[in-house]
Amino acid sequence: MTAAKAREAGIPGDMAAIGIAGEGGPEALRPLRRPVPRPGPGEVLIRVAAAGVNRPDVMQRKGLYPPPPGASNLPGLEVSGTIVALGEGVTRWREGDEVCALLAGGGYAEYAVAPAGQCLPVPAGLTLEEAASLPETYFTVWSNLFERGQAVPGEWALVHGGTSGIGTTAIQLCRAFGVRIAVTCGSDEKCRVAREIGADATINYRTEDFVERARALTDGRGVDVVLDMVGGDYLPRNLAALAPDGRHVSIAIQRGNKAEIRIFDIMARRLTLTGSTLRARPAAFKAALAQSLEAKVWPQFAAGKLRPIIDSRFALDDAPEAHRRMEEGRHVGKILLIPGPTD
Ligand SMILES: NC(=O)c1ccc[n+]([C@@H]2O[C@H](COP(=O)([O-])OP(=O)(O)OC[C@H]3O[C@@H](n4cnc5c(N)ncnc54)[C@H](OP(=O)(O)O)[C@@H]3O)[C@@H](O)[C@H]2O)c1
């Protein structure tokens, strides 16, 4: 897209965005102006309606989760909005299409470029803004709990962080696909909310032993799959909560990168330990995941089995406040940033 063509299409030369000024607290997030990015071959340019805030953005701000090579250094792993320009070779989308998209960075801005294969239509019944809350957690949970973790109907899953963006997505996906789900939360109130969202069982990890509860829920057998965002000393406890042939899927290490486990437990109960990080995976992998989500998961929104769970909305310039809210840990579900003037 040439500068003249962009001007013709009403796309400005530069845009408001949020950058990271040195590593640090929420105040490191600073409003700035950047040239509007140009879509390369196979990419689309999206005028952003909303951007999702995810814990990995907080990690990036702290300098603990650098963008992969080639990705924008602006934070923001997901947006929704309107496609305003197409890169060479894009056939699936047209200018004017409303989509949500998974990004490797660059979402905290008025415009963002996304690989065409990582865009999905706005699910039936959702607003354009609401759709921004979906990509990061739906790609992550679908890939890790259902594809890597092989959760199938009738099985039990244990998912930590039941009211997180990831947790609220896992609860709904498990309900929609017939998997029974127990979640851990840090308060009775969060447990109540997680049950309201659809968790079959909730465990207050501050007052209860999740291993004992997981065993009690399953007549002593243990759960079939654990989706773990805690790591550290949770690992041996997660393994103790697993049934024979159970699967353990690591997606974060909030309590540390090291754990001591009993190797013989893995052998005796034929456990599988796996995990992944989404951001650095190749575009082809993410595009295949998008296709799987569109075919199997998106129809569940129209069927009323899935809905966005949005905690709060902040103007783009208030990104530091949005991060403060996430780090206070009182949110349930997703936090959104809205570019442009707000009422
Ligand atoms: N691997 C990947 O591809 C990938 C992709 C996306 C996200 N993630 C990771 O997934 C996690 C959730 O992301 P998010 O955006 O949904 O973040 P979030 O909404 O901020 O949630 C963080 C959650 O961690 C829970 N938690 C912290 N310590 C805990 C403990 N000891 N026991 C049980 N739960 C605990 C918190 O529960 P309470 O508030 O109840 O204490 C909170 O619900 C993050 O760690 C993120 O880095 C990984």
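The values are calculated or read from the model by the stated rules, or taken from the named source; none is laboratory data. Note that this is a predicted model, so its numbers are computed, not measured. Cβ sites come from the backbone with ideal geometry, for glycine too, and all protein chains shown count toward neighbours. Ligands, DNA and RNA are stripped out before the accessible areas are found, and what is left, the full protein with its side chains, is counted by its heavy atoms. Shrake-Rupley method; radii C 1.70, N 1.55, O 1.52, S 1.80 Å.
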What order do ARG175, ARG324 take when sorted by accessible area (1.4 Å probe), most exposed first? ARG175, ARG324
Pairs to check: LYS190/LYS258; LYS5/LYS334; LYS190/LYS334; LYS258/LYS305; LYS258/LYS296; LYS62/LYS258. Give those whose C-alpha atoms are more than 26 Å from each other in this structure. LYS190/LYS258; LYS5/LYS334; LYS258/LYS305; LYS258/LYS296
Calculated FRET efficiency, ARG195 and LYS62, Cβ-Cβ r, R0 45 Å, to nearest 0.05? 0.90
Dimensions in Å of segment 1-121 - Rg and Dmax from alpha carbons: 14.1, 42
Quotient of Cα Rg and 2.2 N^0.38 Å for the chain, N being how many residues it contains: 1.00
Taking the highest mean first, how do the peptides 23-35, 158-170, 48-60 order by number of other beta carbon atoms within 10 angstrom per residue? 158-170, 48-60, 23-35
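Suppose all protein chains stay in the model; what accessible area per residue would a 1.4 Å probe give for segment 151-200, in Å²?
For segment 151-200, the per-residue accessible area is 31 Å².
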Largest to smallest accessible area among TYR205, TYR138 [probe 1.4 Å]: TYR205, TYR138
Answer in debye to the nearest 20: the dipole magnitude of segment 1-139 about its Cα centre, from +1 Lys/Arg and -1 Asp/Glu charges placed on Cβ, is 320
Accessible-area composition of segment 137-275, carbon plus sulfur, in percent [1.4 Å probe]: 50
Charge dipole magnitude, Cβ of K and R +1, D and E -1 - the chain, Cα centre, debye nearest 20: 560
Average Cα contact separation per residue, the chain, under 8 Å, 6 or more apart, as relative contact order %: 17
Can you pull the accessible area of ILE20 for me, 1.4 Å probe, Å² to the nearest 10? 50
Residues with amide H under 5 Å from that of GLY161, placed H, sequence gap 5 or more: THR184
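Suppose R0 equals 41 Å. What FRET efficiency, 1/(1 + (r/R0)^6) with r the Cβ-Cβ distance, do ARG30 and THR274 give to the nearest 0.05?
On the way: r = 38 Å, r/R0 = 0.92.
With R0 = 41 Å, the Cβ-Cβ based efficiency is 0.60.
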Quick one: Cα centre-to-centre distance for segment 152-213 and segment 310-343, in angstrom? 24
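Would you please report the Å³ per residue occupied by the convex hull of the alpha carbon atoms in segment 154-243?
76
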Based only on Cα atoms, what Rg/Rh ratio does segment 213-338 have, Rh being taken as Kirkwood's radius? 1.04
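Carbon and sulfur together cover what percent of the accessible area of segment 48-132 at a 1.4 Å probe radius?
Numbers: 1510 of 2920 Å².
The C+S portion of the solvent-accessible surface of segment 48-132 is 51 percent.
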